[in-house]
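This report concerns only the one structure given below.
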Amino acid sequence: MKRILLFALAALVAFPQISDAKKKDSEGLKVMSYNIRYGSAEDGTNSWKYRWPATIEMLNDVQPDVFGVQEALDFQLTHVSEMARNYKNVGVGREDGKHDGEHMAIFWNKKTVKMLKWGTFWLSETPEKPSMGWDAACFRTATWALMKDKKTGKKFYFVNTHLDHVGKEARRLGLKLIVDRIDDINPEKYPMVLTGDFNVRPDNPCLVDLDKIMTSTRKIAKKTDSKGTFNGWRKDREGGVIDYIYVSGFGEVVEYETITKKYADRSFISDHYPIMSVLKF
């Protein structure tokens, strides 16, 4: 027990509470999508127990106002919340609607953003209860939140999801359900952010309907890049873009960045790179 307490104290010293001191009012709303990789995965030296400090260091560096995570398990959410104490999160486990399985969690910096209301639905024919849709290999969900930016007083919606890695119909119809729900939950037409690992490239037909109502920040940001978002833990496996930040209703997309920087002396903090955008109302 003594050794555990000493480790926790050392970690708090090494990774201090994330501060918004570096943020400038002119910077805008900083949002991020991050496939954090399952904490239960047997990834050897890339396992969560070795790489979690890199995630905390990245958050301390980037300081997103809001971010959505994919593949996060309950204990990983607790870990991040304890070590990055300015952040709170909402979301449920996809298997039981409580704690079991992947969470489509949304984190927000409580100093810069206020949570107003939130919910989760399943990407299936029965979206109000834990269920598997169409030809999917797994239960899939989307979490949404109505939020308020404390700097500007503006309200916005944030939606986070992870589309199926196997089922083509599940991806197509799951994304269609999200598009339909966006209309339902946002009658006021507030600005909207959609983040996620879509498991498809930008030219995939399943994105056609989404592209009609929202825009990928990678395409329209004043400052952007063309880096792939999946790395598979190896430089020679770096592929195309499968992680996205889509928006509607914002006045300007200032920046899009694929975050490939090393943290805590690690080449990869996950098998996906986090992606970040700066938005202005």
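What residue, among those in segment 113-126 that are surrounded by 18 or more Cβ atoms within 10 Å (Cβ to Cβ) and outside any strand (DSSP E or B), is farthest from the chain's Cα centre (by Cα)? Ranking the qualifying residues of segment 113-126, first place goes to S124.
Kindly establish whether V166 is of a type in the set (A, V, I, L, M) and outside any helix (DSSP H, G or I). Judged against the criteria, V166 is a match.
Taking (1) in contact with a helix residue (DSSP H, G or I) (Cβ under 6 Å, 6 or more places away or on another chain); (2) β-branched (V, I, T); (3) modelled with pLDDT of 95 or more in turn, T215 satisfies each apart from (1).
Could you tell me whether T224 is under 27 Å from Q76 (Cβ atoms) and touching a residue at least 24 places away in the same chain (Cβ under 8 Å)? No: the conditions fail for T224. Note on segment 94-112: residues that are surrounded by fewer than 22 Cβ atoms within 10 Å (Cβ to Cβ) and either among the small types (G, A, S) or at pLDDT below 95 (or both) amount to 2.
With respect to S131, is the statement that it is buried (at least 19 other Cβ atoms within 10 Å of the Cβ), more than 16 Å from the chain's Cα centre (by Cα), assigned to a loop (DSSP other than H, G, I, E, B) and of a type in the set (S, T, N, Q) true?
In short, no.
Look through segment 169-201, keep the residues that are in a strand (DSSP E or B) and of a type outside the set (A, V, I, L, M, F, W, C), and return whichever of them is surrounded by the most Cβ atoms within 10 Å (Cβ to Cβ). Here the answer is T195. Among the residues of segment 89-117, the one identified as in contact with a helix residue (DSSP H, G or I) (Cβ under 8 Å, 6 or more places away or on another chain) and aromatic (F, W, Y) is F107.
The values are calculated or read from the model by the stated rules, or taken from the named source; none is laboratory data. These numbers come from a predicted model, not from an experiment. Every residue, glycine among them, receives a Cβ derived from its backbone with ideal geometry; neighbour counts consider all protein chains shown.
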